[in-house]
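Undergrad: Mind having a look at this structure? Questions to follow.
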Amino acid sequence: MSRLSPELGTFFAKMAQDLASQPGEKITTNKAVAVLQENQRSEVTVRGFTLVQDEPVSVMGGGKGPTPTDFFISSVALCENVVFARNAAIEGVPIDSLETAASGTWNMKGLFGIEGADSAFKSIVVETSVLTGAPAVGVAKVARLTHQRCPIYATLRKSLDLTFKLTVNGVEVPL
């Protein structure tokens, strides 16, 4: 059974049509406000939701929440997942299961300026696994559309090495 409601595709197809009919850009803004609570723990409020950020106990944090880099890499996986679901709905591709994992590498020495190290993420690998009754070629189309349309992926691909792997019904599909 598909995890996408029939209304989802209709809703986003209409939204895309409405946006296309408007001249110029349709700019939107996301804003988050982080407030230090204690030591390395902060609370961030975004769209009325409060999230807790903390560092692990191993680096003198309280271990009460994900780190900023955890939130960053989670944002990659979450954005890919939601945009994939939207594109699948628009394209009529049923999704029985959708899971996206994102992992990134970076040099911790950059946090302290050791040896001129750069703390920027060096690479990110995004792995999406889909179970569906749809042909793999249709799922691959959805994946390609997702990379074009996901704001986080689109931003990051301009600045670092991004690798994407798509698995449909247990078989890796080239893009």
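Undergrad: Pairs only if they're at least six apart or on different chains, beta carbon under 7 angstrom, first in the stretch 40-60 and small (Gly, Ala, Ser) and surrounded by 13 or more Cβ atoms within 10 Å (Cβ to Cβ), second assigned to a strand (DSSP E or B) and modelled with pLDDT of 95 or more; list them, first residue then second.
TA: SER42/GLN53
Undergrad: Now for a different question. If only one of GLU7, GLU55 is touching a Gly at 6+ places or on another chain (Cβ under 7 Å) and either among the acidic types (Asp, Glu) or assigned to a strand (DSSP E or B) (or both), which one is it?
TA: GLU55
Undergrad: Cβ-Cβ distance below 8 Å, separation of 6 or more or different chains: which pairs start in the stretch 71-83 with a residue that is surrounded by 15 or more Cβ atoms within 10 Å (Cβ to Cβ) and end on one that is of a type in the set (D, E, K, R) and part of a helix (DSSP H, G or I)?
TA: VAL83/ARG149
Undergrad: Restricting attention to the stretch 143-163, and to residues there that are more than 12 Å from the chain's Cα centre (by Cα) and not polar (S, T, N, Q), which single residue is farthest from THR100 (Cα to Cα)?
TA: The residue in question is LYS158.
Undergrad: So in the stretch 58-105, with the set limited to residues that are of a type in the set (Asp, Glu) and assigned to a helix (DSSP H, G or I), which one is farthest from LEU145 (Cα to Cα)?
TA: The qualifying residue farthest from LEU145 (Cα to Cα) is ASP70.
Undergrad: Kindly indicate which of GLU115, GLU172 is more than 11 Å from the chain's Cα centre (by Cα), farther than 30 Å from SER42 by Cα and exposed (fewer than 14 other Cβ atoms within 10 Å of the Cβ).
TA: GLU172
Undergrad: Can you tell me which residue is modelled with the lowest pLDDT among those in the stretch 118-148 that are among the charged types (D, E, K, R) and crowded, with 16+ Cβ neighbours inside 10 Å?
TA: Top of the filtered list is GLU127.
Undergrad: Here are ALA102, ALA154, ALA120: which of them is over 26 Å from GLU7 (Cβ atoms) and free of Cβ contacts under 8 Å to residues at least 24 places away in the same chain?
TA: Matching residue, one of ALA102, ALA154, ALA120: ALA154.
The values are calculated or read from the model by the stated rules, or taken from the named source; none is laboratory data. Predicted model only: the values in this text are computed from it and were never measured. Here Cβ is always computed from backbone atoms with ideal geometry, including for glycine, and neighbour counts include all displayed protein chains.
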